[in-house]
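Reading through the structure tokens given below for one structure.
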Amino acid sequence: MTTPEQPDWLKNHIAQHGTQRPGRGGFMPGVSGNPAGRPKGSKDKKTLVAQEFEKEGSAVAAVVIEKAKGGDMTAANIVLQRISPPLKTRAEKVQFSLDANAPLTEQGRQILMAVAEAQIDPETGRLLIDCLSTFAGLRQVDELDERLRALEGKTP
């Protein structure tokens, strides 16, 4: 029986005794399966594709644009997605009664009431509640900082 020919990527492999776990497979702790590592200067697939696209990208774009002009809706979709960024939702200006001096829980209740009474839409209400929550976290940090400074000032 003849030994099968090794593939190109395995031709330079030199088996080292004591690197494999007997019966369990895998490598012994602290032993690399590829001690030489990736060759210096080698490029991954993503880099190779990017380099090819740099060479041929304008030709590909021209073909896609021509197809889009010819009525190919898939090509038109690709062109439109790349030319103009997707539209982001923008919060509208809202006006409702909010007592800025009230406790944060009361302000949250006021926002919920504004949503319930359709003065603001639910998405804007959620955004405002999230802002209150973030502000509450900042307030806690400030309060902890004040308390820490007071304690440090009292200790000799």
Identify, from the list G57, G23, G41, G71, the residue that is more than 30 Å from L127 (Cβ to Cβ), of a type in the set (G, A, S) and at pLDDT below 75. G23
Being in contact with an Asp or Glu (Cβ under 9 Å, 6 or more places away or on another chain) and without any contact (Cβ under 8 Å) to a residue 12 or more places away in the chain is the filter here, so list the residues in segment 94-111 that pass it. D99, E106
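The values are calculated or read from the model by the stated rules, or taken from the named source; none is laboratory data. The shown structure was predicted, so the numbers you read here are calculated from the model rather than taken from an experiment. Using ideal geometry, Cβ is built from the backbone for each residue, glycine included, and neighbour counts are taken over all protein chains shown.
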